[in-house]
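A short worksheet on the structure shown next.
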Amino acid sequence: MRYLPGKAFPPYAFLPGRDPHPTRDPEGHSFGREEEAGRYLPPARWRENEPYLFGVDLYNHGFLWEAHEAWETQWHASKGDRTQALFLQALIQCAAAWLKIPMDQAQGVARLSALALEKLSEVGRSHERYMGLDVEDFARSVRDFADSGAASIEGRPRIVLEE
């Protein structure tokens, strides 16, 4: 399932130490592209938030570093909205945690997933569903996956957005 089907994925999912850095290496898939500035949209308008939706698509299809980058522009733009900033930072930390799995960095997985869970917990205390995501259900899946000692990102929790 895609939430922004008209936007193409990069030719590869970046893994540090394996691939050319997307923006710093001339061989990188995004080298020379200007970064789009994030623009704040209230959480109720999440369906219009293309960087958020594209980040979800990237994350769900295994482009973890790229999802992190897509959400980071929105995170910076949302810093005046504490809940939205926490939520986006939690998603960024989930993507970063799972990226540590193929890098064989179990401590990074544990540390980043714990940070993400703290933020999801805070968001979940005031919102059952936030920007289309069932926060408690996603947090439970994050906790279970982080605790599983997974050797692959394939079983990572997916982000499913609903009304």
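So the values come out like this:
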quantity	calculated
Structure-based [θ]222 nm, the chain - -39500 (n - 2.57) summed over DSSP H runs of at least 4, per residue, nearest 500	-15500 deg cm²/dmol
J(HN,Hα) series, the range 111-122, from Karplus relation 6.51 cos²θ - 1.76 cosθ + 1.60, nearest Hz, glycine and proline x	5, 5, 5, 5, 4, 4, 5, 4, 5, 4, 4, 5
In the range 1-110, GluC sites (Glu not before Pro) in a DSSP loop with at most 11 other beta-carbon atoms within 10 Å	Glu27, Glu34, Glu35, Glu36
Computed label-point distance, nm, for sites Arg140 and Arg158 using a 7 Å Cα→Cβ extension	1.8 nm
Cα gyration tensor shape of the chain, rounded if a/c is under 1.5, else prolate or oblate by comparing a/b with b/c	oblate
5 angstrom amide H check on Tyr130, placed H, neighbours 5+ away	Val135
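Laboratory data are not the source of any read-out in this text; all were calculated from the coordinates shown. None of the values given here were measured: they were computed from a predicted structure. Here the Cβ is made from the backbone with ideal geometry for all residues, glycine too, and neighbour counts use every protein chain on show.
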